[in-house]
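The values are calculated or read from the model by the stated rules, or taken from the named source; none is laboratory data. Computed from a predicted model, the values in this text were never measured in an experiment. Note: ideal-geometry Cβ built from the backbone for every residue, glycine included; neighbour counts use all protein chains shown. These area figures cover heavy atoms from the full protein model, side chains too; ligands, DNA and RNA do not enter into them. Shrake-Rupley method; radii C 1.70, N 1.55, O 1.52, S 1.80 Å.
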Amino acid sequence: MTMAEPLAAEFWQGCAQGELRYRRCEGCGATQFPPRPFCTRCGGATRWAVSRGLGTVYAVTRVERAPTPDFAALAPYDILLVDLDEGFRMMAQGAPGLGIGERVRIAFHRQGERALPRFDRHGEDA
Amino acid sequence: MAWITGVGDTAFGRLEGETALSLMARAAGAALAEAGLERKEVDGLICGYSGTLPHLMLATVFAEYFGLAPRYAHAVQAGGATGAAMAMLGQRLVDAGECRHLLIVAGDNRLTGQGRDSAVAMLAQVGERDYEVPFGPTIPAYYALVASRYMHVHGLGEADLAEFAVLMRRHAALHPGAQFKDAITVAEVLASRPIATPLKLLDCCPVSDGAAALVVSAAPGETRLRIAGAAQLHRHQHVSAAADLADFGLADCAGRARAEAGIGVEQVDLLALYDSFTITLLILLEETGFAPRGQAAALARAGVFARDGRWPLNTHGGLLSFGHSGVAGGLAHLVEAARQLAGRAGARQLRQPETAFVHGDGGVLSAHVSLVLRRE
Ligand SMILES: [Zn+2]
């Protein structure tokens, strides 16, 4: 496997520290995710920002047939697309049974070498 | 003008003792025979890619293996849209005067040479390496995310998707080379093994061995079958980067291809749409203009896409039942459309269709190629 993008390494370091990091354009203010050193809208430079980790489920699937033996040990697991309140969309795992439109909050779970983002229901009890 | 003068293929399924190159050679040989061409008359060659024979120069490798010395040759990579993209490029090259007889060929022995588990693992890497793959998605999971959104927006259920698995199987039953021919019911689709909800095993195309080929020429063959229109659209690669999972913008792509051919949907007699998963068909039918939004399944139940319906769809059984052998799987849609227009579809033959609309989709509804084929 080739080296991760430098910004990806910083993103995953953020996860290990309990932070969901994204980029914001210094020129037009657009959010940039996945993180890139430039803004794909205007080409301007971007810098890190930290998300509050709150969002809304945009799409969801439960993976029953995993891609590799490592993941097969964890299956079934839910994968979400989440629209974060700051205005970007990301893929992550989710607590079982979340539905489209539900409010969610990010948490980080140790999986192998990584702290993996996983969204839980963000409800009245949160 | 660019004309399809020959098509060829192999059966799809488990083909023991073959390689990607040997399968490609079978399909290419059949296409040249139908076009009435000697190898030395082929002056252009476009290949797809192969999962079992990854190579930097597959077209040149195949030219040497098969015995061609083209003045133009290279491979094309656009995922599932590669077959349609190669046909579009062939049309453009012939129109530009670059080639007189251009061979388009793809083949793979994914099933026997690679195996299902390895293919699943390979294909999952199509995801974004740093921001998707760490979460354990698969190709079905990417399309399942699309399906979840589609079902949410339109208030539809898994039975609506299943309708298309049943239809593809019914069509495949009439093709001697199809991988799966036993009839299935909606209930059986719904009861099949879950893969990535809402998609079950029978919502997903299989992994197959097989090959397909066609010849694009500067002069018409006796079938007078022309590539009359072509267009592409590329708006994202990864599912998490798609702006709207309920609108991939394909009306524009399909519309440009039909405009080049000078036709509208009302002139189309036959559909050949990429069908990696059942959900793919619903989205392509609706976005390319053959069903109102959210209505594809209702039209399918009404028989619109059956062999005797208004727009017969994938009369060979599609990827879902004819089989999916990588690039050849998408090329098989073109082979079938050409055979129908030429009146050479055997037991599957429709009543004198003149115009086919073909659409290829690569990635997760990422790379799109629309084509119009017409009998002149
Ligand atoms: Zn900007």
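May I ask you to verify whether B:L365 is aliphatic (A, V, I, L, M) and touching a Ser or Thr at 6+ places or on another chain (Cβ under 8 Å)?
It is true that B:L365 is aliphatic (A, V, I, L, M) and touching a Ser or Thr at 6+ places or on another chain (Cβ under 8 Å).
Every residue in region A:1-48 that is hydrophobic (A, V, I, L, M, F, W, C), under 17 Å from A:R89 (Cα atoms), open to solvent by 20 Å² or more (accessible area, probe 1.4 Å) and not in a helix (DSSP H, G or I), please.
The answer is A:F33, A:W48.
Mind listing whichever residues of region B:10-68 are assigned to a strand (DSSP E or B), of a type in the set (V, I, T) and over 21 Å from the mean Cα position of the chain (by Cα)?
Of everything in region B:10-68, nothing turns out to be assigned to a strand (DSSP E or B), of a type in the set (V, I, T) and over 21 Å from the mean Cα position of the chain (by Cα).
Pick from A:A45, A:A75, A:A49, A:A59: which is on the phi < 0 side of the Ramachandran plot and at the interface with chain B (Cβ under 7 Å from one of its Cβ atoms)?
That would be A:A59, the only listed residue that is on the phi < 0 side of the Ramachandran plot and at the interface with chain B (Cβ under 7 Å from one of its Cβ atoms).
Give region B:323-339 a look and list any residue that's more than 14 Å from B:A172 (Cα to Cα) and in contact with a Ser or Thr (Cβ under 7 Å, 6 or more places away or on another chain), or say none.
B:S325, B:G326, B:V327, B:G330
Here are A:E64, A:E5, A:E86: which of them is outside the structural domain of A:F108 (by TED's automatic domain parsing) and away from the ligand (no atom under 13 Å from the Cβ)?
Values: A:E64 fails: outside the structural domain of A:F108 (by TED's automatic domain parsing); A:E86 fails: outside the structural domain of A:F108 (by TED's automatic domain parsing).
Exactly one residue qualifies, and that residue is A:E5.
Within region B:264-271, can one find any residue that is open to solvent by less than 10 Å² (accessible area, probe 1.4 Å), within 14 Å of another protein chain (Cβ to nearest Cβ) and over 16 Å from the mean Cα position of the chain (by Cα)?
The answer is no, given that none of the residues of region B:264-271 is open to solvent by less than 10 Å² (accessible area, probe 1.4 Å), within 14 Å of another protein chain (Cβ to nearest Cβ) and over 16 Å from the mean Cα position of the chain (by Cα).
Identify, by number, the condition in (1) within 16 Å of the ligand (Cβ to nearest atom); (2) over 26 Å from B:A147 (Cα atoms); (3) not hydrophobic (A, V, I, L, M, F, W, C) that A:Q32 doesn't meet.
It is condition (2) that A:Q32 fails.
If you go through region B:141-199 one residue at a time, how many are among the hydroxyl-bearing types (S, T, Y), open to solvent by 40 Å² or more (accessible area, probe 1.4 Å) and either assigned to a helix (DSSP H, G or I) or away from chain A (no Cβ under 14 Å) (or both)?
Here the count works out to 1.
What is the number of the single condition among (1) within 13 Å of chain B (Cβ to nearest Cβ); (2) within 13 Å of the ligand (Cβ to nearest atom) that A:L81 does not meet?
(2)
Conditions: (1) part of a loop (DSSP other than H, G, I, E, B); (2) within 16 Å of the chain's Cα centre (by Cα); (3) without any contact (Cβ under 8 Å) to a residue 40 or more places away in the chain. B:D275 meets all but one. Number of the miss?
Failed condition: (3).
Give the residues of region A:49-65 that are part of a loop (DSSP other than H, G, I, E, B) and open to solvent by less than 20 Å² (accessible area, probe 1.4 Å), sorted by residue number.
If the condition is that a residue be part of a loop (DSSP other than H, G, I, E, B) and open to solvent by less than 20 Å² (accessible area, probe 1.4 Å), then A:G53 is the only one that fits.
Matching residues to (1) within 14 Å of the ligand (Cβ to nearest atom); (2) over 14 Å from the mean Cα position of the chain (by Cα); (3) at pLDDT 95 or above:
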{"position": "A:W12", "(1), (2), (3)": "no, no, yes"}
{"position": "A:E26", "(1), (2), (3)": "yes, yes, yes"}
{"position": "A:R36", "(1), (2), (3)": "yes, yes, yes"}
{"position": "A:G43", "(1), (2), (3)": "yes, yes, yes"}
{"position": "A:W48", "(1), (2), (3)": "no, yes, yes"}
{"position": "A:S51", "(1), (2), (3)": "no, no, yes"}
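Can we say A:P69 is open to solvent by 40 Å² or more (accessible area, probe 1.4 Å), within 16 Å of the ligand (Cβ to nearest atom) and more than 17 Å from the chain's Cα centre (by Cα)?
Answer is no for this residue.
Could you please give the count of residues in region B:53-102 that are open to solvent by 20 Å² or more (accessible area, probe 1.4 Å) and of a type in the set (F, W, Y)?
Residues that pass the stated criteria total 2.
Is it true that B:E132 is of a type outside the set (S, T, Y), at the interface with chain A (Cβ under 8 Å from one of its Cβ atoms) and open to solvent by less than 10 Å² (accessible area, probe 1.4 Å)? Walk me through how you get there before you give the answer.
Working: of a type outside the set (S, T, Y): yes; at the interface with chain A (Cβ under 8 Å from one of its Cβ atoms): yes; open to solvent by less than 10 Å² (accessible area, probe 1.4 Å): yes.
Yes; evaluated as a whole, the condition is true for this residue.
Going through A:P96, A:P117 one at a time, which residue ends up being farther than 20 Å from A:Q17 by Cα and either within 11 Å of chain B (Cβ to nearest Cβ) or exposed (fewer than 15 other Cβ atoms within 10 Å of the Cβ) (or both)? Can you show your working first?
Details: A:P117 fails: farther than 20 Å from A:Q17 by Cα.
Of the residues listed, the single one that is farther than 20 Å from A:Q17 by Cα and either within 11 Å of chain B (Cβ to nearest Cβ) or exposed (fewer than 15 other Cβ atoms within 10 Å of the Cβ) (or both) is A:P96.
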